[in-house]
């Protein structure tokens, strides 16, 4: 892709599109490429030519893995793949954003806002004890400290921003802990929070919605919009990434439609 700035050459967006069709990722890809021209890598099923052709047209590297891997395992195995991708292809990346794909769209570059720590984690506006998913995960993976952390906000594993070294350490620890505790499916978020609340990372920040790069919409009740119908952070900056946009009803769908020219 032409006209890539030096800053963007030092950045990397990684996600998992295993088992998806083109229509499932079009909003992610088109909105990202509208605002960011740097390296992007998506994990895909092997031998999916049509899907691969679409990604190639958008200058996105398709990291193919065996189609025989159960979809239920991809969510936990993705961290091992991310680690391999970073080490093998993008070892010089200075800033990395790992993200879900189907329910993510971009209002600007995910790297638009500065950060000071090695890792940036993004909270969901719901207490762990009040969440039907996060509560049981933490009881399973952090039973001895559950009472200490149950009144804290859940921290989403679907979007994480960091430095190259910070992200490599994160993916390594996630992979090792998932293997040790035999987590499956969406339980990766339980492992994610176990590591964070256990202070296993030396340098990180946790941001609430409307504070930094990501707003996670499932439990968000209100949003602030500008005249262009872009959602804003509390300081007036545009929120770069909206995650789980399709779980907030017509408001988010209206925003998505107003900022895109391609079908959902």
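Under the condition of being in contact with a strand residue (DSSP E or B) (Cβ under 7 Å, 6 or more places away or on another chain) and in a loop (DSSP other than H, G, I, E, B), which residue from segment 222-249 is nearest to residue 153 (Cα to Cα)? It comes out as 244.
This table checks each residue for (1) part of a helix (DSSP H, G or I); (2) in contact with a helix residue (DSSP H, G or I) (Cβ under 9 Å, 6 or more places away or on another chain).
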position	(1), (2)
162	no, yes
177	yes, yes
183	no, yes
186	yes, yes
196	yes, no
201	no, yes
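Filter segment 163-189 down to residues that are at positive phi and in contact (Cβ under 8 Å) with a residue 40 or more places away in the chain, then give me how many there are. Give the derivation first.
Here is the first cut: in segment 163-189, the ones at positive phi are 182, 185.
From what's left, in contact (Cβ under 8 Å) with a residue 40 or more places away in the chain: 185.
Residues meeting the conditions: 1.
Summed over segment 222-232, the residues that are within 21 Å of the chain's Cα centre (by Cα) and free of Cβ contacts under 8 Å to residues at least 40 places away in the same chain give a count of 2. Tell me whether segment 71-89 contains one or more residues that are crowded, with 20+ Cβ neighbours inside 10 Å, over 27 Å from residue 46 (Cα atoms), at pLDDT 95 or above and touching a helix residue (DSSP H, G or I) at 6+ places or on another chain (Cβ under 8 Å). Checked segment 71-89: no residue is crowded, with 20+ Cβ neighbours inside 10 Å, over 27 Å from residue 46 (Cα atoms), at pLDDT 95 or above and touching a helix residue (DSSP H, G or I) at 6+ places or on another chain (Cβ under 8 Å).
Any residue at all in segment 201-221 that's loosely packed, with under 15 Cβ neighbours inside 10 Å, over 30 Å from residue 8 (Cα atoms), out of contact with any strand residue (DSSP E or B) (no Cβ under 6 Å at 6 or more places or on another chain) and at pLDDT below 95? Yes, some residue in segment 201-221 is loosely packed, with under 15 Cβ neighbours inside 10 Å, over 30 Å from residue 8 (Cα atoms), out of contact with any strand residue (DSSP E or B) (no Cβ under 6 Å at 6 or more places or on another chain) and at pLDDT below 95. Taking segment 36-149 and the helices (runs of 4 or more DSSP H) fully enclosed by it, the elements with 1 or more residues that are closer than 23 Å to residue 13 by Cβ, touching a residue at least 12 places away in the same chain (Cβ under 8 Å) and touching a strand residue (DSSP E or B) at 6+ places or on another chain (Cβ under 8 Å) are at 49-57, 71-89.
The values are calculated or read from the model by the stated rules, or taken from the named source; none is laboratory data. Everything numeric here is computed off the predicted structure, so don't read it as measured data. Neighbour counts run over all protein chains shown; Cβ positions are idealised from the backbone, glycine included.
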